[in-house]
Amino acid sequence: MGAYKRIAYYLNLRYPVRIKKIPENEGGGYCAWIPTFGENCLVADGQTWNQAIDNLNKLKEAYIIELFEKGEKIPEP
């Protein structure tokens, strides 16, 4: 149970998210990322703003769990 609480702590933190529109000539849609993890670490895209954020959240969850299981430091916002 203790490990779950620690993972849940990180998963529930409110990390700042950046989002930008992808130009139509580059495929269109939106690109979202979390700068706290590094410029190119957690980046996701989607055809809509919400889809990009949803994809980013799924990626963030998997990445935080992976870091935790490896015993690596997880940055906080």
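The values are calculated or read from the model by the stated rules, or taken from the named source; none is laboratory data. Quick caveat, the model's predicted, so the values are computed rather than measured. Glycine also receives a Cβ, built like all others from the backbone with ideal geometry; neighbour counts cover every protein chain displayed. When the accessible area is computed, the model is the full protein with side chains, heavy atoms only, and any ligands, DNA or RNA have been set aside. Shrake-Rupley method; radii C 1.70, N 1.55, O 1.52, S 1.80 Å.
Tabulated results
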| quantity | calculated |
| --- | --- |
| Theoretical gain in end-to-end length, Glu24 to Glu61 [0.36 nm per residue, Cα-Cα removed] | 10.4 nm |
| Using alpha-carbon coordinates, inclination of helix 2-11 to the longest axis of the chain, degrees | 20 |
| Under 29 Å between alpha carbons - lysine pairs in the chain that sit 8 or more apart or on different chains | 13 |
| FRET efficiency for Gln51 and Arg14, using Cβ-Cβ distance with R0 set to 22 Å, rounded to 0.05 | 0.65 |
| From the coordinates shown, percent of Cα pairs over 21 Å apart corresponds to which of (1) 30; (2) 22; (3) 42 | (1) |
| Where the chain is the region considered: accessible area per residue in Å², 1.4 Å probe | 71 |
| In degrees, nearest ten, helix 49-70 long axis to first principal axis of the chain (Cα) | 30 |
| Relative contact order computed over the chain (Cα-Cα under 8 Å; 6+ residues apart), in percent | 27 |
